[in-house]
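Notes follow the structure.
The values are calculated or read from the model by the stated rules, or taken from the named source; none is laboratory data. Note that this is a predicted model, so its numbers are computed, not measured. Methodologically, a virtual Cβ is constructed for each residue, glycine included, from the backbone with ideal geometry; neighbour enumeration extends over all protein chains shown.
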Amino acid sequence: MRLVGVRTVTQAAAWLDRVGLGLLFARADVVLPSLWEAIAGDAQAPWAIRDGDGAFVRWSKSAGIAWGLKDELPGSGVACVGRHLGGSAVALVAPRTLPLLYALTERAGDEADFRGSLDGLELEIAETVLAEGRLSGPQLRAATGAPKQDVERATVRLQRALVLTHAGLVEQDRGWGSVALDLVARRWTLPELPPAEEARRALAEVVLDHAVELTAADLSAALGWRRRLCADVLDAVAEGRDGGGFRIWTRN
């Protein structure tokens, strides 16, 4: 049964625990479930209220809930949130699923395990967060002296590598609060990590449980893996059939 009408952190955490892995907002080219659909009931629900001429009036109530939960979930420690799956989408990772993703980094899971895998600005940012605690983009720019665009690109790469993750908001003197970033391995207690091959199979099953049937391209778009690898993993966990020029995998 789908959980629709999500309004609170508790409800959102329950939804995420059930699906294992999702996006903040739905994307037509990604088969993962979205928190937006769980809130609004429809992936295509409008984010904004507009007047008769189509001009923006205000954000919808559902949009306000979605943006609030995006920051409250990691701030409450019940979801790992960030650009962890590639692309520009904000991903939501359930605590039970996080060790599977982290296992693919082939790092140890301790706070300084990024050393040896980073260099340049990315290493400087990670070391700064290690020393200072969670920091926002403006704070990282002040600490490193690097241009805004360079810091933004580096922090996105660090999120994709599961070095950094969202950690609530940092209040600013003016305007909205700024998203804080912290080390994944400090914010989350990571149990003994499974072998990478086992983790890939389990992650494919998480996606398959929601989508029911998948192509290698579907899994690649969801998790950012090479299509050949996706096909091999799906062969190990699902039953494939010819889909008219391409292969489709379903639950065994």
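How many residues, within region 12-43, are farther than 25 Å from Ser220 by Cα and in contact (Cβ under 8 Å) with a residue 12 or more places away in the chain? Don't jump to the end; show me each part of the working.
Of the residues in region 12-43, the ones farther than 25 Å from Ser220 by Cα are 12-14, 39-41.
With in contact (Cβ under 8 Å) with a residue 12 or more places away in the chain added as a condition, the list becomes 12-13, 39-41.
Within region 12-43, residues that are farther than 25 Å from Ser220 by Cα and in contact (Cβ under 8 Å) with a residue 12 or more places away in the chain number 5.
Check Leu162, Leu135, Leu140 and return the single one that is at positive phi, at pLDDT 95 or above and buried (at least 22 other Cβ atoms within 10 Å of the Cβ). Lay out the reasoning, then the answer.
Working: Leu135 fails: at positive phi; Leu140 fails: at positive phi.
It is Leu162.
May I ask you to list the residues in region 100-121 that are outside any loop (DSSP other than H, G, I, E, B) and crowded, with 19+ Cβ neighbours inside 10 Å? Walk me through it before giving the result.
If we filter region 100-121 for residues that are outside any loop (DSSP other than H, G, I, E, B), which is where we start, we get 100-103, 120-121.
Once the filter is applied, which keeps residues that are outside any loop (DSSP other than H, G, I, E, B) and crowded, with 19+ Cβ neighbours inside 10 Å, region 100-121 yields Leu100, Leu101, Tyr102, Ala103, Leu121.
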Mind listing whichever residues of region 203-224 are small (Gly, Ala, Ser) and either under 21 Å from Gln159 (Cα atoms) or not in a helix (DSSP H, G or I) (or both)?
Ala204, Ser220, Ala221, Ala222, Gly224
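Working carefully through the options Asp17, Asp42, Asp71, find the one that is under 13 Å from the mean Cα position of the chain (by Cα) and not assigned by TED's automatic domain parsing to the domain that holds Val206. Give the derivation first.
Working: Asp17 fails: under 13 Å from the mean Cα position of the chain (by Cα); Asp42 fails: under 13 Å from the mean Cα position of the chain (by Cα).
Of Asp17, Asp42, Asp71, the one residue that is under 13 Å from the mean Cα position of the chain (by Cα) and not assigned by TED's automatic domain parsing to the domain that holds Val206 is Asp71.
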Whether any residue in region 160-172 is closer than 21 Å to Arg96 by Cα and assigned to a helix (DSSP H, G or I) is what I want to check.
yes
Residues that are out of contact with any Lys or Arg (no Cβ under 9 Å at 6 or more places or on another chain) and among the acidic types (Asp, Glu), drawn from region 198-231
Glu198, Asp218
